[in-house]
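Okay, so here's the structure we're looking at.
The values are calculated or read from the model by the stated rules, or taken from the named source; none is laboratory data. Because the structure is predicted, anything quoted here is derived from the model rather than measured. Virtual Cβ from ideal backbone geometry, glycine too; neighbours counted across all protein chains shown.
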Amino acid sequence: MRALAIIFLLGLLTAQAAEVAEVSALKDPSAFDGITNKVERSRALFREAGKVIQSPRCLVCHPNGDTPAQGDDLHPHYPAVVRGPHNDGVVGMKCTTCHQDHNLDLARVPGAPGWHLAPLSMAWVGKNLHSICEQIKDPKRNGNKSMDQLIEHFAHDKLVGWGWHPGSNRTPAPGTQERMGALIAAWIATGAECPPEHSKETK
Amino acid sequence: MSKIKLKLNGVDREVEADPEMPLLWAIRDLLGLPGTKYGCGQALCGACTIHLDDQPIRSCVTPISRAEGKSVTTIEGLSPNGDHPLQKAWIEFGVPQCGFCQTGQIMTAAALLKAIPKPTDKDIEQSLSGNLCRCGTYTRIRSAIKQVAGIKETT
């Protein structure tokens, strides 16, 4: 009985440790308070948010082409699907032909409400953080979103939120959606500065 | 367990099932329509394709709760007497070989022609790319679809 209790407690502690490690994989905006130059602080905040933006869970649905990707190696989606005129596939092969509004762990089919591809104007694959940053700020390319709507998108959109809860042993996006929302809000509050194009930190 | 109401092939039905039960199971085992096939169980082969409110879906990964209050059409309901133009063309062209995937192929093709009455070869390929046929009857499938669409085959 005592052994069982110890095993249970160890399991609990391991799970808690994993959760802490996951959250700390993405820094809190306050971690950048020490950067006194506001422009540099804003750029640093975006670079931190870039850990999420450039994570495989986000990139798979922000392809730079007509085919979504899968896996951490971003291999082409199987079965073969195409973007279609509304970024949700073509008749017979719509995203929701297979994807539900929640993960199906038994079949390993990921799901979230409104499953669809980001429009081509929001492609992230193969782009550096400078380009992505400029794109995110540009209403012509970001779906005509205001800065407040950008914060809302990153902080509360359920499809975006899937990235942290991808199911079936997929690697989640780093940190939490709440922390990502806070980073984007802090980035905007500091002027929404973009990392320079030619810098060793801009990948 | 929940009581779920849906319209199956035009008839109101109620089924008592776990809301997460795949619709395919309910259709085959609880509602007694075995025309829809179980292939991979992971939405990778298309054998289980049916229509949910006229849209093709993979019933093997669709929880029955998604069908609540909706219209479900299976191969048995595509036409009253198995005489949908696609079914007639399928017979004329001798499309099936083993036949296991064919109900899924026909259900996707029917939705395609409803949305795009004159599909291009590319339309056909893209729409049916998720319906696998291990016998390799793809050329006959395409010919049958094009005949129904009134498109002359070029050789």
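What number goes with the only condition from (1) outside the structural domain of B:Leu112 (by TED's automatic domain parsing); (2) buried (at least 21 other Cβ atoms within 10 Å of the Cβ) that B:Cys40 does not pass?
(2)
Quick one: A:His75 ticks every box in (1) away from chain B (no Cβ under 12 Å); (2) closer than 20 Å to B:Leu112 by Cα bar one, so which box is it?
For A:His75, the failing item is (2).
Tell me whether the range B:75-89 contains one or more residues that are touching a helix residue (DSSP H, G or I) at 6+ places or on another chain (Cβ under 9 Å) and within 14 Å of chain A (Cβ to nearest Cβ).
Yes, the conditions are met somewhere in the range B:75-89.
If you check every pair at least six apart or on different chains, which have Cβ atoms under 7 Å apart with a residue in the range A:82-96 that is facing another protein chain (nearest Cβ under 7 Å) first and a residue that is of a type in the set (Gly, Ala, Ser) and surrounded by fewer than 19 Cβ atoms within 10 Å (Cβ to Cβ) second?
Cβ pairs passing all conditions: A:Val90/A:Gly84; A:Val91/B:Ala115; A:Met93/B:Ser129.
Only residues in the range B:54-83 that are closer than 13 Å to B:Arg28 by Cα count as the first member; pair them with residues that are of a type in the set (Ser, Thr, Tyr), Cβ under 8 angstrom, at least 6 apart or cross-chain, and list the lot.
Qualifying pairs under 8 Å: B:Ser59/B:Thr36; B:Ser59/B:Thr49; B:Cys60/B:Tyr38; B:Thr74/B:Thr36; B:Thr74/B:Thr103; B:Ile75/B:Thr36; B:Ile75/B:Thr103.
Would you tally the residues in the range B:22-37 being among the basic types (Lys, Arg) and in contact (Cβ under 8 Å) with a residue 40 or more places away in the chain?
Step one: filter the range B:22-37 for residues among the basic types (Lys, Arg), giving B:28, B:37.
Add one more test, that the residue is in contact (Cβ under 8 Å) with a residue 40 or more places away in the chain, and what stays is B:37.
So the answer is 1.
Among A:Lys94, A:Lys51, A:Lys38, A:Lys27, which is the only one that is basic (Lys, Arg), more than 15 Å from the chain's Cα centre (by Cα) and surrounded by 15 or more Cβ atoms within 10 Å (Cβ to Cβ)? Break it down into steps so the answer makes sense when it comes.
Details: A:Lys51 fails: more than 15 Å from the chain's Cα centre (by Cα); A:Lys38 fails: surrounded by 15 or more Cβ atoms within 10 Å (Cβ to Cβ); A:Lys27 fails: more than 15 Å from the chain's Cα centre (by Cα).
Of A:Lys94, A:Lys51, A:Lys38, A:Lys27, the one residue that is basic (Lys, Arg), more than 15 Å from the chain's Cα centre (by Cα) and surrounded by 15 or more Cβ atoms within 10 Å (Cβ to Cβ) is A:Lys94.
Looking at B:Arg142, B:Arg58, which one is modelled with pLDDT of 95 or more and not assigned by TED's automatic domain parsing to the domain that holds B:Gly35? It would help to see each step written out before you state the result.
Working: B:Arg58 fails: not assigned by TED's automatic domain parsing to the domain that holds B:Gly35.
Exactly one residue qualifies, and that residue is B:Arg142.
Quick check, is A:Asp72 touching a helix residue (DSSP H, G or I) at 6+ places or on another chain (Cβ under 6 Å), at pLDDT 95 or above and not polar (S, T, N, Q)? Steps first, answer last, please.
Details: touching a helix residue (DSSP H, G or I) at 6+ places or on another chain (Cβ under 6 Å): yes; at pLDDT 95 or above: yes; not polar (S, T, N, Q): yes.
In short, yes.
Which of (1) under 30 Å from A:Ala189 (Cβ atoms); (2) within 12 Å of chain B (Cβ to nearest Cβ) is the odd one out, the single condition A:Val109 does not satisfy?
Exception for A:Val109: condition (1).
Please go through the range B:34-74 and give me each residue that is of a type in the set (Gly, Ala, Ser) and more than 9 Å from chain A (Cβ to nearest Cβ), ordered by number. So that I can check it myself, show each step before the final result.
Taking the range B:34-74 first, the residues of a type in the set (Gly, Ala, Ser) are B:35, B:39, B:41, B:43, B:46-47, B:59, B:65, B:67, B:69, B:71.
Correct list: B:Gly35, B:Gly39, B:Ala47, B:Ser59, B:Ser65, B:Ala67, B:Gly69, B:Ser71.
Condition first: part of a helix (DSSP H, G or I), of a type in the set (A, V, I, L, M, F, W, C) and at pLDDT 60 or above. Now tell me which residues in the range A:7-48 satisfy that. Steps first, answer last, please.
Narrowing the range A:7-48 to residues part of a helix (DSSP H, G or I): A:7-24, A:29-32, A:38-48.
Filter once more, keeping what is of a type in the set (A, V, I, L, M, F, W, C): A:7-10, A:12-13, A:15, A:17-18, A:20-21, A:23, A:31-32, A:39, A:44-46.
Of everything in the range A:7-48, those that are part of a helix (DSSP H, G or I), of a type in the set (A, V, I, L, M, F, W, C) and at pLDDT 60 or above turn out to be A:Ile7, A:Ala31, A:Phe32, A:Val39, A:Ala44, A:Leu45, A:Phe46.
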